[in-house]
1. Would you confirm whether any residue within the stretch B:133-144 is in contact with a helix residue (DSSP H, G or I) (Cβ under 6 Å, 6 or more places away or on another chain), within 13 Å of chain C (Cβ to nearest Cβ), crowded, with 23+ Cβ neighbours inside 10 Å and farther than 16 Å from residue C:210 by Cα?
2. Across the stretch A:211-253, which residue is surrounded by the fewest Cβ atoms within 10 Å (Cβ to Cβ) among those that are within 12 Å of chain C (Cβ to nearest Cβ), among the hydrophobic types (A, V, I, L, M, F, W, C) and not in a helix (DSSP H, G or I)?
3. Kindly list the number of the only condition in (1) over 29 Å from residue A:127 (Cβ atoms); (2) surrounded by fewer than 24 Cβ atoms within 10 Å (Cβ to Cβ); (3) small (Gly, Ala, Ser) that fails for residue A:40.
4. Kindly provide the set of residues from the stretch A:43-75 that are buried (at least 24 other Cβ atoms within 10 Å of the Cβ) and over 20 Å from residue A:227 (Cα atoms), ordered by number.
5. Take the stretch B:80-122 and flag every residue that is under 21 Å from residue B:147 (Cα atoms), small (Gly, Ala, Ser) and either in contact (Cβ under 8 Å) with a residue 60 or more places away in the chain or at the interface with chain C (Cβ under 7 Å from one of its Cβ atoms) (or both).
6. What number goes with the only condition from (1) in contact (Cβ under 8 Å) with a residue 40 or more places away in the chain; (2) more than 8 Å from chain C (Cβ to nearest Cβ) that residue B:49 does not pass?
7. Give the residues of the stretch C:128-157 that are modelled with pLDDT of 90 or more and facing another protein chain (nearest Cβ under 8 Å), sorted by residue number.
8. Check the stretch B:128-140 and report whether any residue there is outside the structural domain of residue B:12 (by TED's automatic domain parsing) and within 19 Å of residue C:201 (Cα to Cα).
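The values are calculated or read from the model by the stated rules, or taken from the named source; none is laboratory data. Quantities reported herein were computed from a predicted structural model and do not represent experimental measurements. Positions of Cβ are backbone-derived with ideal geometry, glycine not excepted, and every protein chain shown enters the neighbour counts.
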Amino acid sequence: MSLILFAEQVLNGLQLGVMLFLMAAGLTLVFGVMGLINLAHGSLFMIGAFAAAAVAGATGSFLLALMAALAAAAAAGALVELVVIRRLYNRDHLDQVLATFALILIFSEGTRWVFGSFPLFLNIPDYLAGPVTLPGGIQYPFYRLTLILIGLAVALGLFLLISRTRLGIQIRAGENDREMIAALGINISGLYTIVFALGAALAGLAGALVGAIQSVQVGMGEPVLILAFVVIVIGGIGSIKGALVGSILVGLTDTLGGLLLPELFRQFMDSSAASSAGSALASMLIYILMAAVLIVRPTGLFGAKA
Amino acid sequence: MTEPILQTIGITKSFGALQASQDISIDLRPGEIHALIGPNGAGKSTLIKQIAGGLRPDAGKVLFRGEDVTPLGTAERARRGLARTFQISALAMEDTVLQNALLGAMGAGGTAFRFLRPALAQRDLRAVAENALELVGLSAHAATPTFELSHGQRRQLEVAVALTLAPKAFVMDEPMAGLGFEGSKNLTGFLDGLRHTAPILLVEHDMDAVFALADRVSVLVYGRIIATGTVEEIRNDPDVRVAYLGEDA
Amino acid sequence: MSREQILNAAVMLALVAFPLWAWATDEPFLITLTTKAAILALAGVGLNIALGLGGLVSLGHAAFFGIGGYAMGVLASHAQLYDPILETPFLIEGTKSMPIIWLVAITASGLAALAIGALSLRTSGVYFIMITLAFGQMLYFFAISWPAYGGEDGLSIYVRNDFPGLNTLDPIQFYVIVLALLAAVLFLTSRLAKSSFGLALNAARQSPMRVETVGISPYRLRLIAFTISGMITGLAGALFADLNRFVSPTMLSWQTSGEIMVFVIIGGVARLFGPVVGAMLFILLEHLLGGLSDYWHVYLGVLLLLIVLFARGGVIGSLAGRGKAHD
C-alpha cells in the first residue's frame, strides 16, 4: 500500500471526523445544558440537507444553499424546542427517547411526503470541484479539504463562543448549576431555545455539507446520529473537547480500519476471504473502540465522574 | 476491654484540595451506641460512606469483626452483617412495607436469585421480615404501599430493613432527621434497646438524642476527630465547646 | 379479579377467538396478521422485563430479535442445501426442526445479551441508551457487510421449518405454536415478576442503594434481567423469521428497536399484558392507517407523541387505572 493512499485515507478520516463533530457538538451541548437526549438530532441533519438541495436546485447557488440549510435547521430546531422539547426537560429519559423517536417518524415521513422517496442530489459548486495537490504530491478533492477546514473553523468558533462570550458563560453556568443561572436572572427558557437552535444549525450545516458527497434522502440522518452517540460515549457526555477528540478518533478508526484490516487479513488468508472478513470486522471497529473505552473509563475520555 | 466490632484505622480521603477525612480512627464496641457529631460539612457523610462501602479511602483501613473490609463494596459488607440506614429514606416507594422488609431478608439469606417461587410465599423469608416489622411496630402496615407511610414510619421501616439482615453492627445516618418531638422520643426509646441486638454507630444532629443515648461521642470537625469520650467528657471538653457546641450555645 | 386481570383475560380470549373466527370464515390473511402481532408481543414481553421491571431503557433489542432471526436463517439455509455448517473439528449440520432452532436462537441471543449487558450496565441513564443503540447498530452493519449469509439482501427459506406432529405451513397450526409459546412465556414472566428476583429487580429500579445495602448487587440483578430479556426477544426473532420465511438486516436495525419499545409503551410499560395489547394495536394501526396513507408513520408519530406527553401509562394504564402491574 502506498503512503499516498494512506495519507488520503487519513484525510478522509479527518473529514468524517469533523462532520461527526458538528453533529456530536450539538447533541452534547443539549445534553450538558438541558439534560436531554435527543434522537431527532438526525432529522435536523436531514432537514439541512434537503433545504440545501432544494435551494441549490432553485437558485444554483451553493452559498445560498448552505445558508438555507443553517436557517431551516435552526428554525426547525427552535420550533420543535418550543412546541415539544421543552415539555421533556423534567421528564425521565424514557419519555425523552419516545417523544424524540416520535419526532423522527414525523420528520422522516413528512419529508417523504413533501419530497417523495427518490433521493435528491446536491452538486459540488465548480469553484470547489476537482482535486488539489497537497505538499508531498497528494492529490485530494478540494471539496473534501474544504469540509475539513470548515469543520475545524466551526470547532474553533465554538470553543471561542463558549469560553469568551456572554452566551458561553451562560451555557457553562447551565452545565454546572441550573439553579444558579436562574438566580443570576438569566432567561432560562430563552437560553434553552437558543442552545437547541444552535445545535440544530450545526447539524443542518453538516447535513448540507455531507449532502454534496452523498445522496440526499430520508433516513440519512440516523446512521450519523448513532455514530455521533458513539463519539459522545467515547468523549464523555457534555464535553465539547471530548466530542472533538471522539469525533476524530471515530473518523480515523472507521476509515483506516476499512483500509488496513483487509490488508492485514491478507497476510494469512486468501484474498477474497480476507476482504470480506476484513471489511466485516472493520464495520464493527468503532464499536469495539467504544467497548474498550467503556471498560477503561465508563464515563468517557473527558466525561465528569458520575 | 472488649474487641471492637467495627473499627477504622487512619482513614484519609481527599477530594482535590479538600481534605474530607484526615487520619480518622474510631471504633464501635459490643453493646454500645457511639455517636458521631460535627457541624455541617465536617465530613460525616464521607466517613459513613467509607465505613459502609461505596467510597474507598485514599489511605487507612476499615475492619469489621476483625476482617479488613476496605476493598469490599457496599453489598459485600452488608452480607457480612453491617447494616446501614439512610438520612433520606432509600426505600422502594412503590412496594409495600412487607416487600421492603422481604428484600432485606432475601439479601441476608442470599436468596435474591430465586426466579419462580413467589417471594411472598416463601415462609422462611416472611418470618424474618414480619419479625422485623413486629419489632419496630409496623406489623399493622405490612400491606401498605411505602409511599403512603408517614415520615416517621419510613424511618421505622428503614430500621426494620436493617434488622432483617441480622446485623452485627448498625451504621445510622441521622435517623431523627425530620421527626417531630414525639417521633424522636419514640425512636430514642427504641434505639436505646437496640444497642443490645447490635452496637450502633450513630450520626446525629439531634443533641438531645445523642446525649440521651450515646455511651461515647466522637466529634468530627473539618475532617478530623477532635475528641472522643463519654457524654460528660465531651460536654466539658474546651476544644469541643469552641469548635462546635459553642456555635449552638 | 382486578380490572387489569379482567382486561388480560379478555385479551387472551381475543387471541384465541379471533383467529378461530378467521379460520372458520377462511381468512388466512387475518390469521397471519394475528400471528405477527403475537410474535411481536413476545418480543415486547422480552423487552418489558428489562424496561418495565428493571427500568433499563434498551434501544438495542433489535440485536436480539435479529440474532434469533439469523439463528433460524443460518440453520435452515444450511439444512435446505444439505451443506453442513462446520465439518472440522466436528460435524455441525443445519436443521429444519423448530424446537432446535428455538434453543439455538435463545442461547445465541442470551449470550449476546450477556456480553452487551455486561458492558452497557457499567453505565446508566443516557449512556446506557446510547450504548445499547450503538451495539445494535454494530450487529446491523456486521450483518450487512458479512456476505456469507446474504449481506444486505438477507436470507430466504423455501419452506417453513418443521414442528413434530403439526403442519406448520397451515396458518392456524403455526399460530397455535406461536400462541402456546406466548402464553408459556407470559406465565413464566408473571411468576418471575412475583419471585424474589423480580422483587429485588423492581426494587433496584426504584432505589439501587437500598438493594445494595441489603447485600444484593444491582449490577447482577440487571445483567440477569437483561439476559433473560434478550433470550425472549431472540425467540420471538426466530419465530418472526419463520413467519416470513425470510431474515434480513432490517430485523437488526435501530427502527426495529424503536418500534418494539414504542408498542410496549403504547400498551403499558411494566404491565404483564402491555406488550400484547401494544403489539395488537400496532398491527391494527399499521393495517388501518397503512391502508389510508403510505405515510402512516406520521400518524403513528403524532399518536406516540400525544401518548408520551399527555397519557402516560399506556392503554392498560388508562383502562385499568393506576396501580401496579405486579404485586
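1. no
2. Among residues in the stretch A:211-253 that are within 12 Å of chain C (Cβ to nearest Cβ), among the hydrophobic types (A, V, I, L, M, F, W, C) and not in a helix (DSSP H, G or I), the one surrounded by the fewest Cβ atoms within 10 Å (Cβ to Cβ) is A:218.
3. (2)
4. Taking the stretch A:43-75 as the starting set, the residues that turn out to be buried (at least 24 other Cβ atoms within 10 Å of the Cβ) are A:43-53, A:56, A:65, A:69, A:72-74.
A:50, A:51, A:52, A:53, A:56, A:65, A:69, A:72, A:74, listed by residue number.
5. Taking the stretch B:80-122 as the starting set, the residues that turn out to be under 21 Å from residue B:147 (Cα atoms) are B:84-105, B:119-120.
Filter again for small (Gly, Ala, Ser), leaving B:89-90, B:92, B:101, B:104-105, B:119.
Passing the criteria: B:89, B:90, B:92, B:101, B:104, B:119.
6. Looking at each condition in turn, residue B:49 falls short on (1).
7. Within the stretch C:128-157, C:129, C:130, C:131, C:133, C:134, C:135, C:137, C:138, C:141, C:142, C:144 qualify.
8. The first filter runs over the stretch B:128-140 and keeps only residues outside the structural domain of residue B:12 (by TED's automatic domain parsing), leaving B:128-140.
Within this subset, residues satisfying the condition of being within 19 Å of residue C:201 (Cα to Cα) are B:129.
Checking the stretch B:128-140: at least one residue is outside the structural domain of residue B:12 (by TED's automatic domain parsing) and within 19 Å of residue C:201 (Cα to Cα).
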